[in-house]
């Protein structure tokens, strides 16, 4: 955690791993709080923002995390079919 303020880019790749346990929830909040304002954060995935509270689990902690993540945000929404689907690999 001491190195986090020096990280210029924090990337959360597909954070929809199911409901978070108490310790995971607190660790995520701590990482986001410690890096907030020091660099950039990229969140990529298919979990819609409206479902983050459900996944995080604790409303007040979810609010704190989302407030920090979306305080100064650029949202890029990609459209089109998945490259995996077009390759015929059977992913849905």
Find all pairs meeting these conditions: Cβ atoms under 7 angstrom apart; at least six residues apart or on different chains; first residue within region 32-58 and modelled with pLDDT under 80; second residue part of a loop (DSSP other than H, G, I, E, B) and surrounded by 12 or more Cβ atoms within 10 Å (Cβ to Cβ). 35/7; 39/7; 45/15; 47/15
Hey, residue 76 hits all of (1) over 24 Å from residue 19 (Cβ atoms); (2) part of a helix (DSSP H, G or I); (3) at pLDDT 80 or above but one; which does it fall short on? (2)
In region 44-53, which residues are surrounded by 11 or more Cβ atoms within 10 Å (Cβ to Cβ) and not in a loop (DSSP other than H, G, I, E, B)? 44, 49, 51, 52, 53
Quick check on this structure: which one of 64, 21 is modelled with pLDDT of 80 or more and surrounded by 15 or more Cβ atoms within 10 Å (Cβ to Cβ)? 64
Among the candidates 84, 9, 69, which residue alone is surrounded by fewer than 12 Cβ atoms within 10 Å (Cβ to Cβ), in contact with a strand residue (DSSP E or B) (Cβ under 9 Å, 6 or more places away or on another chain) and at pLDDT below 85? 9
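The values are calculated or read from the model by the stated rules, or taken from the named source; none is laboratory data. This is a predicted model, so every value here is computed, not measured. Cβ sites come from the backbone with ideal geometry, for glycine too, and all protein chains shown count toward neighbours.
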